[in-house]
């Protein structure tokens with residue numbers, strides 16, 4: 001079976017749940033493995049994701065047809081380059097309405113592109129319901145949840161809350177202490193470069209904490225990637 | 001002839017309230033009997049810029065996708081906008097010229113295409129109907145020789161209501177549909193019921209067809225491609241070669257055409273002009 005081109009939609013209908021962090025981590029994971037990535041930032045007002053990867057991302061306004069063309073026509077190119085879409089919470093409804101209207105998912109599969117939704121969890125019922133709507137509308141849609149314990153902690157009921165999401169997989173982004181988390185705000189800090197060679201000028205404490213935080217996240221992405229590869233292997237069915 | 005690359009998948013048509021003084025469309029049995037009779041669909045309006053040719057193009061796609069062999073006549077001489085999009089099945093004619101009238105009416109029974117679509121140029125609807133009346137076409141319709149469907153594309157102004165009164169004498173034996181065309185985002189005001197009733201005093205309609213809006217950019221790209229909507233959706237150019245149309249725009253056009261097809265099907269257009277057994 002030919003390798004499928006992955007198109008990730010990192011999304012949440014709500015703000016401040018850690019969508020951009022997750023998109024950034026996924027992008028850096030691929031870059032750390034010398035895999036080129038194409039990113040799309042749908043927050044055209046404050047494109048923070050694009051700021052971290054100015055060479056690899058484009059900013060799209062999907063409220064405009066031209067923005068939709070820039071995004072979806074590119075996502076449909078099966079060139080084996082992973083595509084990552086940072087879905088701004090204000091673009092959430094419009095994005096999936098457009099996907100439905102133009103028949104994007106069906107066309108993507110036909111062309112060998114695998115759309116994957118990475119849904120950012122939060123404590124609200126409406127977020128889980130939104131995920132459920134996506135899964136009900138497209139039962140074959142691959143969906144995993146991302147639980148960012150720092151940006152969007154679920155508290156003691158986390159297991160019950162996570163059970164509401166109709167996802168087939170889960171990623172956990174551990175919480176970072178505030179002083180360490182501040183280091184992430186530096187737009188010049190490349191996590192892919194950091195994972196290979198931490199900058200010597202960085203505090204040893206911050207370095208150690210960031211490394212301890214980043215490693216399990218990248219391991220989860222690697223495990224996910226491996227699982228996908230195994231699923232699509234014709235010799236293992 | 002360009003290929004028909006896609007079949008339109010239709011969703012269940014939405015229920016709509018019948019408009020004032022609705023008339024039932026022909027019953028299926030009657031429609032089946034009528035299947036052998038040639039049908040003429042006239043698309044027109046006396047007002048310009050209401051999207052007559054867009055409707056005619058959508059009908060040609062709809063009938064083609066339903067395997068109904070159709071020919072078309074474009075009365076916009078000499079330019080012929082409909083002819084530009086459907087050159088293989090369209091002939092440019094002047095409806096007021098007897099020689100062109102003969103090309104249409106005298107060949108209705110002999111043509112392989114059992115459905116003829118006439119796209120009447122702006123301002124030409126009343127004269128066209130007058131010309132058809134003069135040559136006895138409506139008598140033949142009344143006598144059951146031909147079927148006649150009139151799609152009257154109306155604009156949002158009161159002038160459109162005045163047109164209705166002008167064409168009233170010709171639509172007694174027609175399946176007369178009013179078409180509200182929103183493709184270019186036209187907003188139709190709600191007519192005052194009394195005013196509305198006054199204009200419809202002498203007209204019985206078979207229904208109302210609403211054409212939904214299509215994104216301007218998508219519409220413009222189909223215009224530029226100069227192909228039928230279905231060919232654009234199938235990503236082909238006018239010569240049937242692979243094209244490079246945006247998938248997003250094709251997706252919008254596909255959804256729009258499916259909605260238009262829902263509308264045509266809802267009012268029973270296939271029963272009126274084609275063989276239901278197809």
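Quick notes
Each row is one residue, and each column tells you yes or no for (1) farther than 25 Å from residue A:232 by Cα; (2) more than 15 Å from the chain's Cα centre (by Cα).
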site	(1), (2)
A:69	yes, yes
A:82	no, no
A:90	yes, yes
A:105	no, yes
A:115	no, no
A:125	yes, yes
A:143	no, no
A:147	yes, no
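- With respect to being under 21 Å from residue A:27 (Cβ atoms), within 11 Å of another protein chain (Cβ to nearest Cβ) and touching a residue at least 24 places away in the same chain (Cβ under 8 Å), residue A:100 falls outside the description.
- Residue within region A:40-48 that is within 28 Å of residue A:215 (Cβ to Cβ), within 14 Å of chain B (Cβ to nearest Cβ), modelled with pLDDT of 95 or more and in contact with a strand residue (DSSP E or B) (Cβ under 9 Å, 6 or more places away or on another chain) present: yes
- Residue within region A:129-136 that is more than 14 Å from chain B (Cβ to nearest Cβ), surrounded by fewer than 17 Cβ atoms within 10 Å (Cβ to Cβ) and modelled with pLDDT under 95 present: no
- Here residue A:157 meets each of (1) surrounded by 14 or more Cβ atoms within 10 Å (Cβ to Cβ); (2) part of a helix (DSSP H, G or I) with one exception, condition (1).
- Residue within region A:218-231 that is under 19 Å from the mean Cα position of the chain (by Cα), surrounded by fewer than 17 Cβ atoms within 10 Å (Cβ to Cβ) and over 22 Å from residue A:6 (Cβ atoms) present: no
- In region A:22-46, the residues that are surrounded by 16 or more Cβ atoms within 10 Å (Cβ to Cβ) and under 18 Å from residue A:224 (Cα atoms): A:22, A:23, A:24, A:25, A:26, A:27, A:28, A:29, A:30, A:31, A:32, A:37
- Residue among A:105, A:26, A:118 that is within 14 Å of chain B (Cβ to nearest Cβ), touching a strand residue (DSSP E or B) at 6+ places or on another chain (Cβ under 9 Å) and either modelled with pLDDT of 95 or more or within 29 Å of residue A:160 (Cβ to Cβ) (or both): A:105
- Helices (runs of 4 or more DSSP H) fully within region A:1-88 that include at least 1 residues being closer than 29 Å to residue A:150 by Cβ and touching a helix residue (DSSP H, G or I) at 6+ places or on another chain (Cβ under 7 Å): A:19-32, A:48-52.
- Flag if residue A:176 is away from chain B (no Cβ under 14 Å), surrounded by 14 or more Cβ atoms within 10 Å (Cβ to Cβ) and in contact with a strand residue (DSSP E or B) (Cβ under 8 Å, 6 or more places away or on another chain): no
This table checks each residue for (1) surrounded by fewer than 19 Cβ atoms within 10 Å (Cβ to Cβ); (2) more than 14 Å from chain B (Cβ to nearest Cβ); (3) within 28 Å of residue A:222 (Cβ to Cβ).
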position	(1), (2), (3)
A:58	yes, yes, yes
A:75	no, no, yes
A:78	yes, no, yes
A:86	no, yes, yes
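One line per residue, one yes/no per condition, for (1) farther than 15 Å from residue B:43 by Cβ; (2) modelled with pLDDT of 90 or more:
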{"site": "B:73", "(1), (2)": "no, yes"}
{"site": "B:80", "(1), (2)": "no, no"}
{"site": "B:90", "(1), (2)": "no, yes"}
{"site": "B:99", "(1), (2)": "yes, yes"}
{"site": "B:138", "(1), (2)": "yes, yes"}
{"site": "B:158", "(1), (2)": "yes, no"}
{"site": "B:174", "(1), (2)": "no, no"}
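The values are calculated or read from the model by the stated rules, or taken from the named source; none is laboratory data. Remember, it's a predicted structure, so these values are computed and weren't measured experimentally. Glycine gets a Cβ as well: all are built from the backbone with ideal geometry, and neighbour counts include every protein chain shown.
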